[in-house]
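Okay, handing you the structure first.
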Amino acid sequence: MNAPVALSARLARGTEAGQTRAAPVAAGGLDLLEALRSALGALAANKLRAVLTGLGIFIGVAAVIATVSVGAGARQQVLGQIQSLGANLLVIWPGSVNQAGVRLGAGQRPNLTWDDAQALLEVPGIVAVSGNIRGQNQVVAGNANWSTSVQGSDPDLFAVQDWALEDGRFFTAEEARGARKVVVLGATVAEALFGDEGAVGQEIRVRSTPFEVIGVLARKGQNPMGQDQDDVAVIPFWTARRSVMGANRVWARGVNWISLKVEDGADMAEAAEEVRSLMRQRHRLAANEPDDFNLRNMSDVAATFDASAKTLSMLLASAAAVSLLVGGIGVMNIMLVSVTERTREIGLRLAIGARRRDILAQFLIEAVVLALLGGAVGVAAGIGLSHALGRVAGWPVLIQMDAVALAVGVSALTGLFFGFWPARRAARLDPIAALRHD
Amino acid sequence: MLLIETQGLTKHYAAGEGTVAALSGVSLAVSPGEFVAAMGPSGSGKSTFLNLIGCLDRPTRGEYRLVGEDVSRLPPDRLAGIRNRRLGFVFQSFNLLPRADALANVELPLVYGSVGRRERRERAAAMLALVGLGERMHHRPSQLSGGQQQRVAIARALVNEPDLILADEPTGALDSRTGLEIMALLQGMNREGVAVLMVTHDAEIARFASRCLRFHDGRLVADEAQAPAAASAELAALDDGGARAA
C-alpha cells in the first residue's frame, strides 16, 4: 500500500486528534444549495413520475389563475358598462301607485313630471338634471331609414351621462326652451343613416317632421342589460313633447324618467336621500305612504353587480383550488412512494451522519421543488389560458398579480404541507431497519 | 485513551409478549489502531454489537465510551454527529447512492459535516485516488464492478478521517479474489492508523484481523489476539500462481 505521504500523515493526525478531542462539536447542517441540487437530482431520476405529479399542481394553479383573471376581466367589463351609464348617476322611475285601493304596477301610470326634474336641481349636491321621454320611431334620411329610440331630454343629459361628442355639438338651453327641431344622433344611428359621410348639418325626418343633425355622440357600447346605448336620437324635451310623442292631455308635462348627476366627491347616499325627501314632498305623500317612484343609485347597482361577480369568481376559484388540493394529495402520494423506495438511501444517510432534520429537510425540499415546478409552469399556462378565454369570450383579461403570487405561494405551501408527512416518516426511520430494507 | 470501552453492554428487543436479549453483558476494550473481527453464527449478537458500537442504536443497559466519551445515552441527533465525525461504515451491499457518481458518494459524509464545497471535492478526490479509483471519479455505481463499488464505499468511510471503520461483511457480496483486494485495502488503511471493527461469519476473512471476538447467543464467548494474515501477500501469491498456471 503506497499511500501518498501527505494523506497518511493526515490520517495519523486524525487519529491523534481524535484521541485528544474531548467533546465533539455539534455537527453542522446540510446547506440549502446542496439540498436543492439533491432534490432536483432525485426528481430527474424519475422524470415521468415527477412530470405526472407536477401536472396535478400545474392544473390546479393554471385553473386558479385562469378563473381569477377571467373573472376579474368579466367583472371589469360589467363595471365598465355600469360606469358608461354615467358616473355618480341617480335615476328616478315612476313607482307603483294606489288608485282607489287598486295597486298598479310600477310605471303603469306616469307620475313624474318635467317640473319634478327642474325642482330637483335645487337639492344640494345635484349638479345636473334631465327629465326624459322616449319612444320608438322611424327616422329617415334620404333613402335610408332606421328604427330607433327617439329620446326627448334636457341639455343637461349629456353632462349627466358623461356623454362626449364625436362630431358637432349638443343642443343648447336656448334651443331646448325654444323647442327647436335639432337632433344629436347616437353613433349607431348616424352610421345607419349616413354611413361614413358626416351626419352633422344633414337633415333627418322623424314622423315627417324635419330635424337638423347638430351632433353625433361618441360611442358608448352596450349597457349592462346588453342594449346598444348608441342606438338613440336625442332631441330637446319640449320638441319631443310637441312634435313627436304627441301631447298627452293629462300628462302634458310628464316624463318617463329623470336622471341626475351628483357632484363629484359628494356622498351619493346622502344626495339620494335628499332627492327622495323632496320627491315625497312634491308628491304630497304622507309619512305612512310608500314612495310612488323608484330611486336608483347607480353606484349601488354597480356595487351589487360587483359583489355578485366577485362571488361567482370566488366560486370558480374555489373549484380550481380543489384541483390544487387534489394535486397536493398527488404530491403526498408520490413522496410516500419515494420514501419507501429510498429507505436504504435514508438508512445510509443516517448512518453517515445525517440528522433527522436533514432527512426531513431533504424530502420537504423535494416536495416543494416538485410543487413549485408544477406551479411555475401552471402560472405560464394559466396566463395563456386566460388570454385564450378572454379572446373567445370577448372579455378583457386582467392578470391578477396577487392571484399569481397566491397560486405560486399556495403551490409551495401545498408541497410543504403534503410533503411534511412523508418527510417526517423518512426522518423517523430507524437507521438499522432502513439499512436492512430491500 | 482507549478507543472503545464497553461495560456490561446489553440490548433487549421487544418480541411479542416478552423481550429477546440480543446482546448480554459485553465488556471489552479496544485500543486505537486495532483490527478487530467479530465472528459468530447469525443471531449470535455480532450485528447488534456492531450497531451499538456504530452508534446506530442505544444499549438497553450498560455503558459504552467512544474515545473517552460516554455515548450510550446520547439522543439520536448527537449520535448522528458522532457517526459523522468519528466513524465510517462499510456495508456488505455497498449502499452507494445510485444516481450520484463516485465523487459525490464519497463527498456525502462531508456534506453532513458542513465542509465547504471545494474542500469536499478535494478530499473526496484524494480519497478515491487513495483507494485506486482516481480514474473513475465520475463513474456511477452501475458503471463500476462490485470491488470498485466497495472501494468507493471505503473511500466514503475514510473521507471524514474517522477513528474507527465499521465493516459489516465487507466481502460478503464479492468473489474471493476481489474480497482479498478489499481486505488488503482495509489492512492498508489500518496500518495508517484507522481502527477497524469487522463483522463476518467467514473465518477466511477473519484471519486478516489482529484480534478476534466470538459471539454466541448474545454473549462474547472468546476474545483472542492473533497474528493477522497479510492480504496483499496472498494476493501477490495468487497472481504468481495464476501467472504460472498460464
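Residues in region A:319-340: is at least one more than 14 Å from every other protein chain (Cβ to nearest Cβ), under 30 Å from residue B:51 (Cα atoms) and open to solvent by 50 Å² or more (accessible area, probe 1.4 Å)?
First, the residues of region A:319-340 that are more than 14 Å from every other protein chain (Cβ to nearest Cβ): A:319-337, A:339-340.
Keeping just the survivors that are under 30 Å from residue B:51 (Cα atoms) gives A:335-337, A:339-340.
Subset that is open to solvent by 50 Å² or more (accessible area, probe 1.4 Å): A:337, A:340.
Yes; the residues of region A:319-340 include at least one that is more than 14 Å from every other protein chain (Cβ to nearest Cβ), under 30 Å from residue B:51 (Cα atoms) and open to solvent by 50 Å² or more (accessible area, probe 1.4 Å).
If you scan region B:45-70, which residues turn out to be over 20 Å from residue B:194 (Cα atoms) and of a type outside the set (Asp, Glu)? Before you say what the answer is, go through the steps one by one.
To start, the set of residues in region B:45-70 that are over 20 Å from residue B:194 (Cα atoms) comprises B:45-48, B:57-63, B:70.
Scanning region B:45-70 gives B:45, B:46, B:47, B:48, B:58, B:59, B:60, B:61, B:62.
Only residues that are in a loop (DSSP other than H, G, I, E, B) and under 12 Å from the mean Cα position of the chain (by Cα): list them for region B:36-63, please.
B:54
Mind checking which residues of region B:159-184 are under 17 Å from residue B:132 (Cα atoms), in contact with a helix residue (DSSP H, G or I) (Cβ under 6 Å, 6 or more places away or on another chain) and open to solvent by less than 10 Å² (accessible area, probe 1.4 Å)?
B:159, B:182, B:183
What tally of residues in region B:119-148 results from selecting those that are open to solvent by 20 Å² or more (accessible area, probe 1.4 Å), within 13 Å of another protein chain (Cβ to nearest Cβ) and under 25 Å from residue A:35 (Cα atoms)?
So the answer is 8.
Next up: With the structure loaded, tell me whether residue A:200 is modelled with pLDDT of 90 or more, part of a strand (DSSP E or B) and crowded, with 16+ Cβ neighbours inside 10 Å or whether it fails that test. If you could, list the steps in order and put the result at the bottom.
On the way: modelled with pLDDT of 90 or more: yes; part of a strand (DSSP E or B): no; crowded, with 16+ Cβ neighbours inside 10 Å: yes.
In short, no.
With respect to residue A:205, determine if the residue is in a loop (DSSP other than H, G, I, E, B), open to solvent by 40 Å² or more (accessible area, probe 1.4 Å) and modelled with pLDDT of 90 or more.
no
I've got another one for you. Does residue A:296 count as more than 14 Å from every other protein chain (Cβ to nearest Cβ), open to solvent by 80 Å² or more (accessible area, probe 1.4 Å) and in a loop (DSSP other than H, G, I, E, B)?
Criteria not met by residue A:296.
Is it the case, given these coordinates, that residue B:85 is among the basic types (Lys, Arg), more than 7 Å from chain A (Cβ to nearest Cβ), farther than 21 Å from residue A:42 by Cβ and not in a loop (DSSP other than H, G, I, E, B)?
no
Look at region B:26-59 and say how many of its residues are out of contact with any strand residue (DSSP E or B) (no Cβ under 7 Å at 6 or more places or on another chain) and away from every other protein chain (no Cβ under 14 Å).
Qualifying residue count, region B:26-59: 2.
Read through the list (1) surrounded by fewer than 22 Cβ atoms within 10 Å (Cβ to Cβ); (2) among the hydrophobic types (A, V, I, L, M, F, W, C); (3) within 14 Å of chain B (Cβ to nearest Cβ), then give the number of the only condition that residue A:373 fails.
Just one mismatch for residue A:373, condition (3).
Which pairs do you get when a residue that is at the interface with chain A (Cβ under 8 Å from one of its Cβ atoms) and under 17 Å from residue B:164 (Cα atoms), found in region B:189-203, comes within reach of a residue that is outside any loop (DSSP other than H, G, I, E, B) and of a type in the set (Asp, Glu), reach meaning Cβ atoms under 9 angstrom, with the pair 6+ apart or on two chains?
The qualifying pairs are B:193/A:16.
Could you tell me whether any residue of region A:51-69 is more than 30 Å from residue A:160 (Cβ to Cβ), surrounded by fewer than 15 Cβ atoms within 10 Å (Cβ to Cβ), away from chain B (no Cβ under 12 Å) and modelled with pLDDT of 75 or more?
So far as region A:51-69 goes, yes, one or more of its residues are more than 30 Å from residue A:160 (Cβ to Cβ), surrounded by fewer than 15 Cβ atoms within 10 Å (Cβ to Cβ), away from chain B (no Cβ under 12 Å) and modelled with pLDDT of 75 or more.
Looking at this structure, is residue A:435 under 21 Å from residue B:112 (Cα atoms), in contact with a Pro (Cβ under 9 Å, 6 or more places away or on another chain), in a helix (DSSP H, G or I) and open to solvent by less than 30 Å² (accessible area, probe 1.4 Å)?
The answer is no for residue A:435.
Residue by residue through region B:67-77, note down the ones that are of a type outside the set (Gly, Ala, Ser) and facing chain A (nearest Cβ under 8 Å).
Answer for region B:67-77, where residues must be of a type outside the set (Gly, Ala, Ser) and facing chain A (nearest Cβ under 8 Å): B:67, B:69, B:76, B:77.
On to the next question. Can residue B:100 be described as part of a helix (DSSP H, G or I) and among the aliphatic types (A, V, I, L, M)? If you could, list the steps in order and put the result at the bottom.
On the way: part of a helix (DSSP H, G or I): no; among the aliphatic types (A, V, I, L, M): yes.
Spelling it out, it is not the case that residue B:100 is part of a helix (DSSP H, G or I) and among the aliphatic types (A, V, I, L, M).
I need the full set of residues from region B:103-118 which are of a type outside the set (Val, Ile, Thr) and part of a helix (DSSP H, G or I), in order please.
If the condition is that a residue be of a type outside the set (Val, Ile, Thr) and part of a helix (DSSP H, G or I), then B:103, B:104, B:105, B:107, B:108, B:109, B:110, B:112, B:117, B:118 are the ones that fit.
Looking at region B:223-233, is at least one residue of a type in the set (A, V, I, L, M, F, W, C), open to solvent by less than 10 Å² (accessible area, probe 1.4 Å), within 19 Å of the chain's Cα centre (by Cα) and over 18 Å from residue B:89 (Cβ atoms)?
The answer is yes; a qualifying residue exists.
So, of the residues in region B:108-118 that are touching a Gly at 6+ places or on another chain (Cβ under 8 Å) and open to solvent by 20 Å² or more (accessible area, probe 1.4 Å), which turns out to be modelled with the lowest pLDDT?
If we take residues in region B:108-118 being touching a Gly at 6+ places or on another chain (Cβ under 8 Å) and open to solvent by 20 Å² or more (accessible area, probe 1.4 Å), then B:114 is modelled with the lowest pLDDT.
Look at residue B:197 and say whether it is in a helix (DSSP H, G or I), open to solvent by less than 40 Å² (accessible area, probe 1.4 Å) and among the hydrophobic types (A, V, I, L, M, F, W, C).
no
For region B:215-236: of the residues being part of a strand (DSSP E or B) and in contact with a strand residue (DSSP E or B) (Cβ under 8 Å, 6 or more places away or on another chain), which is nearest to residue B:185 (Cα to Cα)?
B:225
Kindly provide the set of residues from region A:275-288 that are touching a residue at least 24 places away in the same chain (Cβ under 8 Å) and open to solvent by 80 Å² or more (accessible area, probe 1.4 Å), ordered by number.
A:282
Conditions tested, residue by residue: (1) under 30 Å from residue B:108 (Cβ atoms); (2) assigned to a strand (DSSP E or B).
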residue: B:139; (1), (2): yes, no
residue: B:142; (1), (2): yes, no
residue: B:162; (1), (2): yes, no
residue: B:188; (1), (2): yes, no
residue: B:205; (1), (2): yes, no
residue: B:209; (1), (2): yes, no
residue: B:213; (1), (2): yes, yes
residue: B:238; (1), (2): no, no
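The values are calculated or read from the model by the stated rules, or taken from the named source; none is laboratory data. Because the structure is predicted, anything quoted here is derived from the model rather than measured. All Cβ positions, glycine included, derive from the backbone under ideal geometry; neighbour counts span all protein chains shown. The accessibility values were calculated without ligands, DNA or RNA, using every heavy atom of the protein model including side chains. Shrake-Rupley method; radii C 1.70, N 1.55, O 1.52, S 1.80 Å.
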